[in-house]
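The structure under discussion appears below in the form of structure tokens.
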Amino acid sequence: MTARSLFSFLLLSWAGVCVGQPAYAVDAQVVVHADRPGAVIRPEIYGQFAEQLGHGIDQGIWVGEASAIPNIKGYRKDVVDALKAIHVPVIRWPGGCFADEYHWRDGIGPRGQRPVRRNLSWGGEENNAFGTHEFMDFAELIGAKTYIGVNVGGGTAREMSDWLEYLTADGQSSIARERRANGRDKPWKVAYLGIGNEAWGCGGHMRPAYYADLYRQFATFVHPSGDDPSAIVRVASGANADDVAWTEGVMSAAGELIDAYGVHYYTLPTQDWKKKGSATDFGETEWIATLHGALHMDDLLNRHSAIMDKYDPKKRVALVVDEWGNWYDPQPGVASPPLYQQNSLRDALTAAMTLNIFHAHADRVRMANIAQMVNVLQAMILTDQKRMVLTPTYHVFDMYQVFQGATSLPLDVRAPDYVFGNVHVPGVQASAGRDAAGVVHVGLVNPSPDKPVRLHVRLSGAQAKSIKGRVLTAPAITSINTFDHPGVVKPEPLAGMSSSGGEWVLSLPPRSVVVLDMR
Ligand code: AHR
């Protein structure tokens, strides 16, 4: 602590005692290096994932035009409005594991005549009412780019290139005419093309060398039409969490044909896929374990990036985290659609921590897709018939919108760890960025369930004359939003910030996410 901040700390402690505020158990400092701009934080790291499973799309996004639920051409109006409000930059579809069983021709033409297939990955039946037109028009409606996952495990390169022609061809080819006959004159834009999904698992249980060869074959036949055919980003199916051998194998054998490399990482409170842990019924042991697990993302990115640097030192290839989030057990005794889970304040904190980590890796991490958008895993939104509720994770994506397109700024954080049992996590976890208007935004997490942090924030190389903040917290670590009580976890303005000698002092409440705007 500098002499100046020690002085302001003593002064504020004294002032706090005088006005009867609680004594601060934790004091911390953040210095944002406004004079050391890094890479641009691509808006696409705020991307989402919508798979054909459970009530993710069917009922979550799509209800059909005849539904009594208010809809815009079949898309739930409440969900569309909520997604527009957070400016979803890109959506990944149709999977996931489902992508490697999906045949795109099943999802075009008159809806009543589309085939009904078993959903082999997730159970139940897929009526294909939501197909190519429905997805592409949905993305257009909410203003998002598209990320299409193609079937490598059970499909062919020919099937992929026909689909791409259907999506993007502007000429008079039979496939372009077929699209027009199905109601879409102008071609759509496909921004990203995923060549297989989890090729090491549900996508075919392949070995890296075999997948790399298949990737090379498929990538060769990616010929989109349109203004700039080279603009499409080909995404390779990357590693499962820590599997750096997969990264080594795929990058060494196919790196020169890869535009983006997709890593998947899910956080489980127990780290045990057989008994992952509850979404709602947990104590401090599971709380800190989940936060600690989310922070592992940083280590993963460092290790995969180091291998990518070996084959791609100029960082041409993007690292994309095209599936991430918390994954819990289904609620016992409650019949729910597959992969449906509640979302608590804990999910908000891990979302903010993960986004903070992505900001720090902005030079290599250029897209991410949280799993998933509606009613599946760490969702933004939950629906039940006519009702909809915004989750704590949604509110973090809302608060953090200001980072989309900002320039990442390095920061130094000094805070004593929050410790429970023998698990340690940083007492304050943070990231910073400067937007086009010059405003510096700082995202902060106080992981302690019960202790506020008195935070001293300073910019180096710039002066902040004013500050505003929003805070997300709730009465308990397990607090949730429900259809009957949708406003338990929601952002509020942050009050009580003061400045002294170029430094801002504020309180981070226990178990909170805060975003500051410094001008
Ligand atoms: O997001 C759910 C599933 O998790 C995806 O389908 C799959 O890719 C991953 O294992």
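Every number in this text was worked out from the coordinates using simple rules, so none of it is lab data. Fair warning: this is a prediction, and the values are worked out from it, not measured in the lab. Backbone-built Cβ (ideal geometry, glycine too); neighbour counts: all protein chains shown.
Once the range 210-330 is represented by equal point scatterers at the alpha-carbon sites, with solvent omitted, what log10 I(q)/I(0) does the Debye formula produce at q = 0.18 Å⁻¹? The computed values of log10 I(q)/I(0) come out as -0.92. Determine which lysines satisfy two conditions relative to Lys276: a Cα distance under 28 Å, and not lying fewer than 8 residues away in the same chain. Hits, sequence-local ones excluded: Lys451, Lys490.
How big, in percent, is the set of alpha carbon pairs in the range 465-519 lying more than 17 Å apart? More than 17 Å apart: 44 percent of the Cα pairs in the range 465-519. In a Debye calculation with equal point scatterers on the alpha-carbon sites of the range 290-344 and no solvent, what is log10 I(q)/I(0) at q = 0.16 Å⁻¹? Here the Debye-derived log intensity ratios amount to -0.67. Sorted ascending by nearby beta carbons within 10 Å, beginning with the fewest, Glu125, Glu286 become Glu125, Glu286. For chymotrypsin sites (Phe, Trp or Tyr not before Pro), the sites in the range 200-304 that DSSP calls loop and that have at most 10 other Cβ atoms within 10 Å are Trp273.
With +1 assigned to the C-beta of every Lys and Arg and -1 to the C-beta of every Asp and Glu, and no other charges, what is the dipole magnitude of the chain about the Cα centre in debye, to the nearest 20?
With Lys and Arg at +1 and Asp and Glu at -1, about 920 debye.
The distance from the alpha carbon centre of the range 323-357 to that of the range 443-492 is 19 Å, rounded to a whole number. Partner aspartates and glutamates whose Cα lies under 19 Å from the Cα of Lys275, excluding those fewer than 8 positions away in the same chain, are identified as Glu284, Glu286, Asp329, Asp347.
With an a/c value of 1.5 or above and a/b not larger than b/c for the gyration tensor axes a ≥ b ≥ c computed over the alpha-carbon atoms, the range 414-519 is described as oblate. Applying the criteria of a DSSP loop state and at most 12 other Cβ atoms within 10 Å to the GluC sites (Glu not before Pro) of the range 27-103 yields Glu65. In the chain, the DSSP-assigned H stretches of four residues or longer account for a calculated mean residue ellipticity at 222 nm of -8000 deg cm²/dmol, using -39500 (n - 2.57) per stretch and the full residue count as denominator.
The chymotrypsin sites (Phe, Trp or Tyr not before Pro) of the range 405-496 that DSSP puts in a loop, and whose beta carbon has at most 15 other beta carbons within 10 Å, are Phe483.
Between Ser230 and Asp299, the distance separating the two model label sites (each 7 Å from Cα on the Cα→Cβ line) works out to 4.1 nm. Name the shape class, rounded, prolate or oblate, that the alpha-carbon gyration tensor gives for the range 67-204, where a ≥ b ≥ c are the square roots of its eigenvalues, rounded holds for a/c under 1.5, and otherwise prolate holds if a/b is larger than b/c and oblate otherwise. Rounded, since a/c falls under 1.5. Straight Cα distances below 12 angstrom link Lys145 to the aspartates and glutamates Glu44, Asp137, with same-chain residues fewer than 8 positions distant left out. Backbone amide hydrogens, once placed in the peptide plane, bring Leu459 within less than 5 Å of Val32, Ala464, excluding anything fewer than 5 places away on its chain.
If you restrict to DSSP beta bridges whose two residues both lie in the chain, what percentage is antiparallel, to the nearest 5?
55
Look at Ile381, Ile69, Ile57 and count the other Cβ atoms within 10 Å of each Cβ; fewest to most, that gives Ile69, Ile381, Ile57.
If both residues of a DSSP beta bridge must be in the range 313-428, then about 60% of such bridges are antiparallel. In whole percents, the pair-distance distribution calculated for the chain from its alpha-carbon pairs, binned every 10 Å from zero, is 4, 19, 29, 26, 15, 6, 2, 0. 3J(HN,Hα) along the range 255-262: x, 6, 9, 9, 9, 8, 10, x Hz, from the Karplus curve 6.51 cos²θ - 1.76 cosθ + 1.60 with θ = phi - 60°, whole Hz, x for Gly and Pro.
Tell me whether the range 55-128 comes out rounded, prolate or oblate; compute the Cα gyration tensor, take square roots of the eigenvalues as a ≥ b ≥ c, and use a/c under 1.5 as the rounded threshold. Oblate is the answer for the range 55-128, as a/c is 1.5 or above yet b/c matches or exceeds a/b.
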